[in-house]
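The values are calculated or read from the model by the stated rules, or taken from the named source; none is laboratory data. None of these values were measured; they are calculated from a predicted model. Glycine gets a Cβ as well: all are built from the backbone with ideal geometry, and neighbour counts include every protein chain shown. All accessible areas refer to the heavy atoms of the entire protein, side chains included, with ligands and DNA or RNA removed. Shrake-Rupley method; radii C 1.70, N 1.55, O 1.52, S 1.80 Å.
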Amino acid sequence: MLLELTTIGARSGATRTVTVAYAEIDGRLLVFASNAGRPQAPAWLHNLRANPLVTVELDGRRYDAIAEEVVGAERDRLYGVQAERDAAFATYQQNTSRVIAVVALTPARVGAATAQLKEIHNGLREQLSATLAAVDAYLAGSAPAPHAKTLHQHCLSFCSALHAHHSREDGVFPRLAANFPELKPTLDRLSHEHAAVAELNQQLTTTIEQLTDSTPPEAELLRAHLTHLAETLEAHYTYEEAHLGPALDAA
């Protein structure tokens, strides 16, 4: 049986989705870092060790979960149950000297802070997606083709909303750092990412200002800037939701 597991890159902060085998034993949802018995553990194990907040997609449901390795005698018992159910797992363990990790996935209780961050980020995602769609329509010449003025409005509206969101966060980060010193590394990283996003936003604004109805090369450049910004923001959103939101929920 298979499920989709989305982890956060330990270094990149980007999301990574893989298909992994799972089992339900004693009411627990478990995945196994077998990697078909290869010497190296799968990359998703390294990712969830660094960021235990993961996303599970199973039977048409998608939800956040907390990943926790099961160790010792309990790990051995659970892996033994799985090996009895599927002999391939016994072979995997025989073929490698590493102890194949067993990971329990427990649905996460998302608090108000995390939920609010996700709501804001989803709104920005939708706005950026609509902006990219408008640029694609412009480049494709689809009817009715949007004019440069329409693209200006789409892009500037998104840039303004993004700038306002990050400005509000930058305004409260110093107070959070003072009240919760353990959050300082996370807040420092988010602040640096805000500065990088602001630079991308400025590049985007400059390109928009150069765009006219007769300058398709600038529209191509505009789309490239938007795509880069979307990738950068996705990694930023994911990190913030995984680290800042739960910390504020706990506080």
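Brief remarks on what is shown
- Stokes-Einstein D for the range 2-107, Kirkwood Rh over Cα pairs, 10 °C, 1.306 mPa s (µm²/s): 114
- When the alpha carbon gyration tensor of the range 112-249 is reduced to an equivalent ellipsoid, the three semi-axes, largest first, read 33, 14, 11 Å.
- Gain on full stretching of the segment that runs from residue 119 to residue 19 - 0.36 nm per residue minus C-alpha separation: 33.3 nm
- Between residue 84 and residue 38, the FRET efficiency estimated from the beta carbon spacing at R0 = 30 angstrom works out to 0.85.
- Distance between modelled label sites at residue 28 and residue 165, nm, 7 Å Cα→Cβ extension: 3.7
- Rounded to 10°, Cα long-axis angle of helix 72-85 versus longest principal axis of the chain: 90
- In this calculation the C-beta distance from residue 149 to residue 199 is compared with R0 = 30 Å, giving a FRET efficiency of 0.70.
- Heavy-atom accessible surface of the range 76-118: percent carbon and sulfur, 1.4 Å: 51
- The calculated FRET efficiency for the pair residue 192 and residue 94, based on their C-beta separation and a Förster distance of 45 Å, comes to about 0.45.
- Fully extended contour minus Cα-Cα distance, from residue 212 to residue 61, at 0.36 nm per residue: 49.9 nm
- Placing pseudo-labels 7 Å out from each Cα toward the beta carbon at residue 140 and residue 227 gives an inter-label distance of 1.5 nm.
- From helices alone, the chain scores -21000 deg cm²/dmol at 222 nm; the rule is -39500 (n - 2.57) for each run of n ≥ 4 DSSP H residues, then divide by the residue total.
- For the pair the range 152-169 / the range 1-52, the C-alpha centres are spaced 35 Å from each other.
- Binned Cα-Cα distance frequencies in the chain - 10 Å width, integer %: 6, 25, 25, 21, 15, 6, 1
- Rounded accessible area per residue of the chain, 1.4 Å, Å²: 52
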